[in-house]
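Accompanying notes for the structure given below.
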Amino acid sequence: MGIGSGIDISGIISQLMQVEQQPLLALQKQEASYDAQLSALGTLQGALTDFQSTLTALSDPTKLQLSTAKLANSSVGTATATNAAQQGSHSLQVSQLAQNQVVASADVSSPNNPVGTGSLTISFGSYDSTSGFSANASQQAITVNIDSTNNNLFGLRDAINAAKGGVTASIINDGGGFRLVLSSNTTGQVNGMKITATGANGDTGLNAFAFDPASTTNTTTVTQKAQDAQFTLDGITISKPTNTISDVLSGVTLNLTGTNTDATTLTIGTDSTTLVKNVQAMVDGYNNFMSQLSSLTGYDTTTQTAGILNGQYALNSIKTQMRSVFNKALGGSNAYQSLFDVGVGFDDKGNMTLDQDKLSSAAQSNPQALATLFAAGTSVSKPGGVTVVSTSSSLTKPGTYAINVTTPATQGSVTSGSNITFPLTIGADNDNFTIAIDGVQSGTIKLTDGASYANGNDLATALQTAINNDAAIKAGGVSANVSFANGALQFASASYGATSTIQLTTAATGGSTDPAFLTVTDKAAGTDAVATIGGQPATATGNVLVGTGPAAGLIISLAAGSTGDMGSVTYSQGFSYNLNQSITNMLSTKASDNGLFYSVTDSINQSITRLQSQETEMQTRLTQVQANYVQQFTAMDSVVGSLKNTSSYLTTQLANLPKISS
């Protein structure tokens, strides 16, 4: 262009288009500003996330256990404490550690030699010379069968271990032969063993592995007796079946590892070092975030410049929301009601401050109240009788809820037989029956023909073992407890509540000694507990209670047989927990949560989208404008070029005209 006219048309059009593009450049500048706001918003989100991370250790009650426990004589054991522990000193003298029972058979010349066919039943319980062997109802007996496929010491060992029934079998070569060694897996006097052998077809080989604690003719001997831990605490004699003891001093767990002649000192105290560090991190994190917020959203009067996010007024609510959490009282009966009570405050510039000495003093005075102040959690006044299963942060209201049980949950049960005569021998006419537990039907359960039971406890143990080893019963995840009392057998489902049922669906026809030892004489269905939580009726399933009203979402479990006043459950949502939840809501990227940052980001993105649409439309118009300019100036160039040619022609013609002489 411009060839004809000699005019710089391209330059003219370029300059005109620069003028035409000014509105487009303004839109692009505005879009760039919004992009910068998105970047700044990301920076602010990062700072808020960093602050939130400082709340993690203060929101989890398990990380706010400030109490400590220490034994002066570390060879006696170790100790740990929760915030429920009371500070102080106690004297401890351990005279005996709990241990498991170990029994060993007589020597066998070769582990490959036959040991006999039939079955071995291993029962668990305690023995004394007055009452004999008393079965442990919480530990099921096991029965293993030996036949031609596993008739040697290896097979017997492997069968016992495969049963996984609370006992471990091993073979030891003592130099004189091979011995089968059985070790109870659980310590305590109540976990001693009684081993009963039943031969198949008159085979008495397995009798060599039998063990009766009441007998003086056992060939299987005790190499380590079952015993409880015995100790005195502050002069009080105590016996426990395990060396890990958590039910003697509230909030304190002892792990005994040795004995001592001279009493050692158990000291319960507090250590607030980690707490102070974590709270200081929260304070620093808050101040760093607020500094970022002020820089990005504020206005510097000295430099007269506004922050990139100045004008995003929704962000101003962050400070308001956080301060509302800090300023709100915890509620309930907690000793500390606000962060100000434990040394957290604000200076005249709005910066958060921490009085570390005041915080340490508060931790020393009441560690449980301090943990409750910061974290969401529950505590129970009677930990042995009530266990908190779960709570709901959206349903359960903070508060203290009294638990009262007017009717305890019961088990489904049946009673069979009466005035049973012992010894009782099992024969073909009384060796099988079936049972249904909680609606789960067993197969045919068969007792061992020829087995003889000297008393009701032995018979009850054999029946319980047979029932709970039934394949259908195991698969159904149910079990039964069988005991002998008042001359009769008592069968009970292990579960509690209205769904707890038990039924002897096929009774044996009776043996010659006692023709009706499985004839049902009484039965009862299980019932759910009737209880209130916080004065409101609870929904009960067995011993599990679900709260209603303010306690909705609170689920607790009662110890078996619980009745009357069961203390209380306290649920609290501490400051760190509430602040953490508030920040999580702010940072949520879900549209349904309508989070603060999501809303602001969405608003900015919508503005950018709108601008980009306007830019596209304007770019299309500018393209057309430029095309019009090109067309117009091209036409002009052509006209000017033509005129120039005419001018040149006329000039030439005029020059060639004859000159007129004077």
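The values are calculated or read from the model by the stated rules, or taken from the named source; none is laboratory data. Computed from a predicted model, the values in this text were never measured in an experiment. So basically every Cβ, Gly included, is an ideal-geometry build from the backbone, and we count neighbours across all protein chains shown.
If we keep just the residues of region 463-488 that are part of a strand (DSSP E or B) and in contact with a helix residue (DSSP H, G or I) (Cβ under 6 Å, 6 or more places away or on another chain), which is farthest from Ala409 (Cα to Cα)?
Within region 463-488, the first condition is being part of a strand (DSSP E or B), and the residues that meet it are 480-485, 488.
Pick out the ones that are also in contact with a helix residue (DSSP H, G or I) (Cβ under 6 Å, 6 or more places away or on another chain) and you get 480, 482-484.
On the way: Ala480: 16, Val482: 19, Ser483: 19, Phe484: 22 Å.
Looking at the filtered set, the residue picked out is Phe484.
Given the structure, is Leu58 more than 30 Å from Met636 (Cβ to Cβ), in the same structural domain as Ser89 (by TED's automatic domain parsing), touching a Ser or Thr at 6+ places or on another chain (Cβ under 8 Å) and crowded, with 18+ Cβ neighbours inside 10 Å?
When the stated conditions are applied, Leu58 does not pass them.
The residue list Lys382, Lys397 contains one member that is out of contact with any Lys or Arg (no Cβ under 7 Å at 6 or more places or on another chain), surrounded by 15 or more Cβ atoms within 10 Å (Cβ to Cβ) and within 22 Å of Ile533 (Cα to Cα), which is Lys397.
Filtering region 312-337 to residues that are under 28 Å from the mean Cα position of the chain (by Cα) and either without any contact (Cβ under 8 Å) to a residue 40 or more places away in the chain or not in a helix (DSSP H, G or I) (or both) leaves Leu330, Gly331, Gly332, Ser333, Asn334, Ala335, Tyr336, Gln337. Filtered by the rule that a residue be over 24 Å from the mean Cα position of the chain (by Cα) and assigned to a loop (DSSP other than H, G, I, E, B), region 243-267 gives Asn243, Val248, Leu249, Thr257, Gly258, Thr259, Asn260, Thr261, Asp262, Ala263.
Of all the strands (runs of 3 or more DSSP E) wholly in region 124-239, which have at least 3 residues that are among the small types (Gly, Ala, Ser)? Give the derivation first.
Numbers: elements: 132-135, 142-146, 167-173, 178-184, 192-199, 221-224, 229-233.
Passing ranges, in order: 132-135, 192-199.
Please tell me if Thr68 is under 28 Å from Val344 (Cα atoms), part of a strand (DSSP E or B) and either of a type outside the set (Asp, Glu) or touching a Pro at 6+ places or on another chain (Cβ under 6 Å) (or both). Yes, satisfied. Candidates Gly384, Gly450, Gly427, Gly439: the one that is within 19 Å of Gly542 (Cα to Cα), of a type outside the set (Ser, Thr, Tyr) and at pLDDT below 85 is Gly384.
Exactly one residue among Ala137, Ala169 is at pLDDT 95 or above and outside the structural domain of Lys240 (by TED's automatic domain parsing), and that residue is Ala169.
For every residue, the table says whether it meets (1) at pLDDT 95 or above; (2) surrounded by 14 or more Cβ atoms within 10 Å (Cβ to Cβ); (3) outside the structural domain of Thr461 (by TED's automatic domain parsing); (4) in contact with a Ser or Thr (Cβ under 6 Å, 6 or more places away or on another chain).
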position	(1), (2), (3), (4)
Leu180	yes, yes, yes, yes
Gly202	no, no, yes, no
Leu233	yes, yes, yes, no
Lys240	yes, yes, yes, no
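Inside region 547-568, can you point out the residues that are within 21 Å of the chain's Cα centre (by Cα), crowded, with 17+ Cβ neighbours inside 10 Å and either assigned by TED's automatic domain parsing to the domain that holds Tyr496 or closer than 15 Å to Tyr496 by Cβ (or both)? Answer for region 547-568, where residues must be within 21 Å of the chain's Cα centre (by Cα), crowded, with 17+ Cβ neighbours inside 10 Å and either assigned by TED's automatic domain parsing to the domain that holds Tyr496 or closer than 15 Å to Tyr496 by Cβ (or both): Ile556, Leu558.
Among the listed residues Ala409, Ala369, Ala375, which satisfies the condition of being within 40 Å of the chain's Cα centre (by Cα), without any contact (Cβ under 8 Å) to a residue 40 or more places away in the chain and farther than 17 Å from Val482 by Cβ?
Working: Ala409 fails: without any contact (Cβ under 8 Å) to a residue 40 or more places away in the chain; Ala375 fails: without any contact (Cβ under 8 Å) to a residue 40 or more places away in the chain.
On inspection, the qualifying residue turns out to be Ala369.
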